[in-house]
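See structure below.
The values are calculated or read from the model by the stated rules, or taken from the named source; none is laboratory data. What you see is a predicted model; the values in this text were computed from it and never measured. Here the Cβ is made from the backbone with ideal geometry for all residues, glycine too, and neighbour counts use every protein chain on show. Ligands, DNA and RNA are stripped out before the accessible areas are found, and what is left, the full protein with its side chains, is counted by its heavy atoms. Shrake-Rupley method; radii C 1.70, N 1.55, O 1.52, S 1.80 Å.
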Amino acid sequence: MKPYRAILIIAIVAIALIWLLPFDGAINIIPAGTQNSTWPRVMFDARTIVPNEPFTVIVEDVTPYANVRLEAPFATVVQPEAAMRLPSAVYQWEFEVTPSADTDQLKFYNDCDDGCQLWTVQRLREGLPSPTPRKKPTKLCVVWPNPERDWHNRQGWVVESTYVQPDTLGWWDIDGLVKRVQVANAQGLNVLVRVDFTESLSVPEPNDYRGLDAYLTYVRRLARDERLSDIHALIIGSNMNTQSPSITPEWYARMLIGSGAEVSRNDNVIQVVRAENAQLRVLVGTLLSWTGDSPEDAPWLSYMDEMVAAIDAGIQLKTAVGVSNAAPDGFAIQADAFVASAELADASLEPLTDLTRPQHPTAQAGFRIYQDWLDAINRYPTTNNAPAYIVATNSYDRPQGIVPTDNYPAGWLTNALAEINNQPQVRTLCWFIDYFPHDENWVFFSLTDPRGQLQLAAEEFDQLLRE
């Protein structure tokens, strides 16, 4: 074959291949490293990426995936309503992304109606910093963190919340949770996620099996969702001993571990989560101390003991029939302060001081209630020495209704952290709260917008991170 004929044939073949490529009227500039030979194909113009300015990302695939999402840390994303089918039998999705200077990756997911599954990952542009390096650990923690908080290169902890049946979508549902978790992950923080049933009921009512089914469906979806694969643990409910209608210790143990039900049944939180994600920890929810008008001595301690006993019994039965890894991975606990106690010459020493009250002489009054919770946890063989996480603390005087804005004593948080640093069983010390932009309910607790004495707490928290 003459050379010019070979060149002509190659040119014709090249033109035909270009004609068959699935461009839909536009050629997108694809940054180095983009997937361009396998599906899916991610396309965008790297030259158009400017912080706080939207740009378009196009994804193509031969599979018509449903319920797709693009997630990008520190960015706003407009999700497509549906895929468009091109003449070449390729499906196309178009996303609008408004990045910040800290946005580094695009992560694409499908099947998000049942727990998002990772589809593909694309680096946004070359030259961005590597993922967050390992940081120096600390037990310091906040509930509902301010995304702009400076953690001073410390690997702290945060507590987030979600509801099975939220009153409004967008903040408390899974997608709202994911946005906040992504920010915490990008900052190198450990994330605990509290799962409540509704905004007024922590877990389903006793014998409400439809409610139990809804709760289990939700935690299954959380465990399955790969956007949440880096969270440390789920906290199952909160303050069950104060719920109305009453949540009994036995019912809580039933929904958590299947205690009291036929041992062959698996409709409980532990087994549902383990079946989807054996690495995801599950923590027993908190109880509230020094509350209620029961004549019984320290009813919150009786509730705790009955709940742990029921959990222990359930674990032993499950283990006996060969169900492995049946125990929860720890306990979430609360520890509120009694800084106005007359016994204290210095209110900042409250975390280091044993306090009692005549009406309930067997119970610790104040921060050291955490020791009472540990005593109950360690009393039973299957929960003995299980990790405990203080997921809510501050100087709020619950019996007298005095808020931290009015009563925080300088040095209290420093002493509380020193106490917990000497307790290897306790993993966290979480201030309630850091930041809540949606209403004014928590302004007298917030470290982000500190008022009155809270200015001292905010400065102290920041200083402890610097040490």
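Descriptive notes on the structure:
- Local net charge near P328, Cβ-Cβ under 15 Å (Lys/Arg +1, Asp/Glu -1): +4
- Computed over the chain, the per-residue total of -39500 (n - 2.57) for DSSP H runs of n ≥ 4 gives a 222 nm mean residue ellipticity of -8000 deg cm²/dmol, rounded to 500.
- For D462, neighbours were defined as the other residues whose beta-carbon sits under 12 Å from its Cβ, and their charges (Lys and Arg +1, Asp and Glu -1) total -2.
- Within-15-Å neighbourhood charge of K135 [Cβ basis; K, R +1; D, E -1]: +3
- The range 133-147 and the range 224-254: distance between their alpha carbon centers, rounded to Å: 22 Å
- Cα pair distances exceeding 16 angstrom across the range 423-467, given as percent: 45 percent
- The loop-placed GluC sites (Glu not before Pro) in the range 35-95, going by DSSP, that have at most 12 neighbouring Cβ atoms within 10 Å of their Cβ come out as E81.
- Take every pair of alpha-carbon atoms less than 8 Å apart whose residues are at least six positions apart; their mean separation over the length of the chain yields a relative contact order of 11 percent.
- Mean separation of Cα contacts under 8 Å (6+ apart) over length of the range 343-467, as relative contact order %: 23 percent
- Scattering profile of the chain at q = 0.10, 0.11 Å⁻¹ [log10 I(q)/I(0), Debye over alpha-carbon scatterers]: -0.80, -0.94
- Å² per residue, accessible surface of the range 221-306 at 1.4 Å: 38 Å²
- Heavy-atom accessible surface of the chain: percent carbon and sulfur, 1.4 Å: 51 percent
- Centre separation in Å (Cα based) which lies between the range 318-380 and the range 406-467: 19 Å
- Ranked from largest, the principal axis spans of the Cα set of the range 251-387 equal 55, 32, 22 Å.
- Cα centroids of the range 105-122 and the range 190-210: 26 Å apart.
- Spherically averaged projected area of the range 307-405 from its Cα convex hull (nm²): 7.4 nm²
- 1.4 Å probe accessible area per residue over the range 98-210, in Å²: 43 Å²
- Using C-alpha pairs below 8 Å separated by at least 6 residues, the relative contact order for the range 234-345 is 34 percent.
- This model, with +1 at the C-beta of Lys and Arg and -1 at the C-beta of Asp and Glu, gives the range 282-401 a dipole about its Cα centre of some 360 debye.
- Of the GluC sites (Glu not before Pro) found in the range 394-464, those that fall in a DSSP loop while having at most 14 other beta-carbon atoms within 10 Å are E440.
- Along the chain, counting only trypsin sites (Lys or Arg not before Pro) with a DSSP assignment other than H, G, I, E or B and at most 13 other Cβ atoms inside a 10 Å radius, the longest segment between sites is 266-467.
- Summarised as an ellipsoid, the range 196-289 has semi-axes of 21, 16, 12 Å, derived from the eigenvalues of the Cα gyration tensor scaled by 5 and square-rooted, with the largest first.
- Annotation: per residue accessible area for the range 374-420 equals 35 Å², rounded to a whole number [probe 1.4 Å, protein chains only].
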